[in-house]
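The structure under discussion appears below in the form of structure tokens.
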Amino acid sequence: MIYSLNGILSNLEDDFFVVNCAGVGFKCKSDLKTISELQKFSGEKINVFTILNIRENAWDLFGFKDKIHVECFKMLTSVTGVGPKVALAIFSEFYPDEVFSIIATNKINNFTRASGVGEKMAKRIVLELKEKIKKLPVFDQEINNNNNNKFKAISALEVLGYSAKEISPILEKLDSSLSVEDLIKQTLKNI
């Protein structure tokens, strides 16, 4: 429903931030890492990607700096017993590429570092998402290579307005040992 917001970052709290778009302030719940990274942009124009969660008694808008966070959030909340609060707790500990890596390598105990995630829930997350992440275009190859540079390159290129579908095939062909900057330059040359 609300795909993204482009406006002035007008307020930051411990668990949410506000983006002012044409006089309307949108309250976006988010994780600690995202809020910490956004602090340097207070009062400036930002672009964030969102997901609207509708419950019986509330409509909550969740905001993230890139599409990978949104996709990972959707995947996590699709797991039985994992709601938005748990997904945000996981994001407060791990970036999406780390979440995918934990799932791919079966490092279940890592998830228990997140508040509200016990061993049983961690096992369920890995079990239910292991096959799903293999279907993601670049993620499965990157997780197996244990290299996060392509994830970072995708995030940066998405901020520039390129779609994951457009850039993933190009990035898959590039050497995963390249730096993020080189991956971005090579991708832009091939577009």
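Taken across the range 62-71, residues that are among the small types (Gly, Ala, Ser) and more than 28 Å from Glu166 (Cα to Cα) do not occur at all. Condition test on Asn6, is it polar (S, T, N, Q), loosely packed, with under 13 Cβ neighbours inside 10 Å and part of a strand (DSSP E or B)? Yes: the conditions hold for Asn6. What are the residues in the range 112-126 that are out of contact with any helix residue (DSSP H, G or I) (no Cβ under 7 Å at 6 or more places or on another chain) and under 16 Å from Lys74 (Cα atoms), if any? Selection gives Arg124 alone.
Taking the listed residues Phe100, Phe111, Phe17, the one that is outside the structural domain of Glu131 (by TED's automatic domain parsing) and surrounded by 13 or more Cβ atoms within 10 Å (Cβ to Cβ) is Phe17, with no other qualifying. Take Ile46 and tell me if it is hydrophobic (A, V, I, L, M, F, W, C), buried (at least 16 other Cβ atoms within 10 Å of the Cβ) and either in a loop (DSSP other than H, G, I, E, B) or modelled with pLDDT under 95 (or both). The answer is yes for Ile46.
Filtered by the rule that a residue be in a helix (DSSP H, G or I) and at pLDDT 90 or above, the range 78-102 gives Pro84, Lys85, Val86, Ala87, Leu88, Ala89, Ile90, Phe91, Ser92, Glu93, Val99. Every test in (1) modelled with pLDDT of 80 or more; (2) loosely packed, with under 14 Cβ neighbours inside 10 Å; (3) not in a helix (DSSP H, G or I); (4) not assigned by TED's automatic domain parsing to the domain that holds Pro84 is passed by Leu178 save one, and that test is (2). Filtering Ile2, Ile8 for residues that are of a type in the set (Val, Ile, Thr) and in contact (Cβ under 8 Å) with a residue 40 or more places away in the chain leaves a single hit, Ile2. Tallying residues that are outside any strand (DSSP E or B) and surrounded by fewer than 20 Cβ atoms within 10 Å (Cβ to Cβ) within the range 50-77 yields 8. Mind checking whether some residue in the range 5-13 is touching a strand residue (DSSP E or B) at 6+ places or on another chain (Cβ under 6 Å) and closer than 17 Å to Phe73 by Cβ? Yes, some residue in the range 5-13 is touching a strand residue (DSSP E or B) at 6+ places or on another chain (Cβ under 6 Å) and closer than 17 Å to Phe73 by Cβ.
Would you mind stating whether Leu160 is modelled with pLDDT of 75 or more, surrounded by fewer than 19 Cβ atoms within 10 Å (Cβ to Cβ) and among the aliphatic types (A, V, I, L, M)? Judged against the criteria, Leu160 is not a match. Only one of the numbered conditions (1) crowded, with 18+ Cβ neighbours inside 10 Å; (2) closer than 24 Å to Asn11 by Cβ; (3) not assigned by TED's automatic domain parsing to the domain that holds Glu13 is not met by Val126, and that is (2).
The values are calculated or read from the model by the stated rules, or taken from the named source; none is laboratory data. What you see is a predicted model, and the numbers here were worked out from it, not measured in a lab. As a convention, Cβ positions derive from the backbone with ideal geometry for all residues, glycine included, and neighbour counts pool all protein chains shown.
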